[in-house]
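Student: Here it is, the structure in full.
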Amino acid sequence: MQFTSEQRLDDGVLEREFTLGEVPGILWTPASGPAPLILIGHPGGLRTMYPRLVARARQCAADGFAAATIELPGSGDRPRSAAAEQARADLRRALEAGEPVRDDIVDRLVLPLVDKAVPEWQAALDALLALPGITGPVGYSGGVISIGIRLAVVEPRIRAALLFAGSFVPRAMFEEARRVTIPLHVLLQWDDEGNDRQAALDLFDAFGSREKTLNANMGGHTGVPAAAGDAAARFFNRHLS
């Protein structure tokens, strides 16, 4: 891990950009000292997502957690995949035409992304936990829900996860969801225009965790109310503090 920039935000949070091989990322650490870590997932594009990411990271710091994120494969300045770009174009065409999104489109778009992104998250976690001021346990928050599912299954250092039910999920991931056992807090926007509500409910039902909570709110994809963030903070405080 190589740090490439550093700045102190006005609330005392230290923000450091880094690279891990070809993967860029950002680490935020609170001024209060050593802290458990929350990995912040997102749909790709660190620069365009930055305002939302830094807001989430500052809330993590206010709650006593460090936070970190990395760029997804094929997003931001990272090399594009021709297959992923074709799948994304097929998805856009189906949505614009008001047609059902075929399973093969979702599989081509999401499954290769999960296969590549999860090992990168694990490598980042190796490097982050080796830094002074970063401690376990670790949580995962947000992002492409299929990536969160895979991480919850294969990464024992992640003890709790907050997942956003706002992306298409391949049918194969439902089988993986049954193997998830860590505590889960799932956010669902009831009127999310780009999300299949019934599929999200079916996925929540499939999770194997004994402790799982569904926080459903009225509104579209970006209309998550502040109260939902408060509930998420209480969730992580219970399981990571």
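Student: Shape call for the range 163-220 from the C-alpha gyration tensor, a ≥ b ≥ c root eigenvalues: rounded (a/c under 1.5), prolate (a/b greater than b/c) or oblate?
Tutor: Oblate is the answer for the range 163-220, as a/c is 1.5 or above yet b/c matches or exceeds a/b.
Student: Given H placed on each backbone N at 1.01 Å, which residues far from residue 166 in sequence or on other chains put an amide H within less than 5 Å of it?
Tutor: Amide H neighbours of residue 166: 145.
Student: Right, here's the next one. Angle check, please: helix 82-96 long axis (alpha carbons) against the longest principal axis of the chain (alpha carbons), in degrees 0 to 90, nearest 10.
Tutor: Approximately 60 degrees, to the nearest 10.
Student: Something else: What angle do you read, to the nearest 10 degrees and between 0 and 90, between the alpha-carbon axis of helix 145-154 and the longest principal axis of the chain?
Tutor: Taking Cα atoms only, the helix is inclined about 60 degrees.
Student: Now a separate question. As a check on your grasp of the helix formula, calculate [θ] at 222 nm for the chain: sum -39500 (n - 2.57) over DSSP H runs of n ≥ 4, divide by the residue count, round to the nearest 500.
Tutor: -13500 deg cm²/dmol
Student: For the range 1-47 and the range 77-150, write down the distance between their C-alpha centroids in whole Å.
Tutor: The range 1-47 and the range 77-150 have Cα centres separated by 19 Å.
Student: So how tilted is helix 197-206 from the main axis of the chain? Cα-based, degrees 0 to 90, rounded to 10.
Tutor: Tilt relative to the chain: about 60 degrees.
Student: Find, among the GluC sites (Glu not before Pro) in the range 1-99, those assigned to loop by DSSP (not H, G, I, E, B) with at most 14 other beta-carbon atoms within 10 angstrom.
Tutor: 22
Student: Then there is this: If Rh is defined by the Kirkwood formula over all Cα pairs and Rg also comes from Cα, what ratio Rg/Rh do you get for the chain?
Tutor: Here Rg/Rh amounts to 0.95.
Student: Going 7 Å from the Cα of residue 101 toward and past its Cβ, which residues in the range 107-138 have a backbone nitrogen under 16 Å from where you end up?
Tutor: Answer for the range 107-138: 107-114.
Student: Can you tell me the convex hull volume per residue for the range 48-135, based on C-alpha atoms, in Å³ to the nearest whole number?
Tutor: Each residue corresponds to 137 Å³ of Cα convex hull volume.
Throughout, read-outs are computed from the coordinates displayed, never taken from laboratory work. For clarity, every value in this text was computed on a predicted model and none was experimentally measured. As a convention, Cβ positions derive from the backbone with ideal geometry for all residues, glycine included, and neighbour counts pool all protein chains shown.
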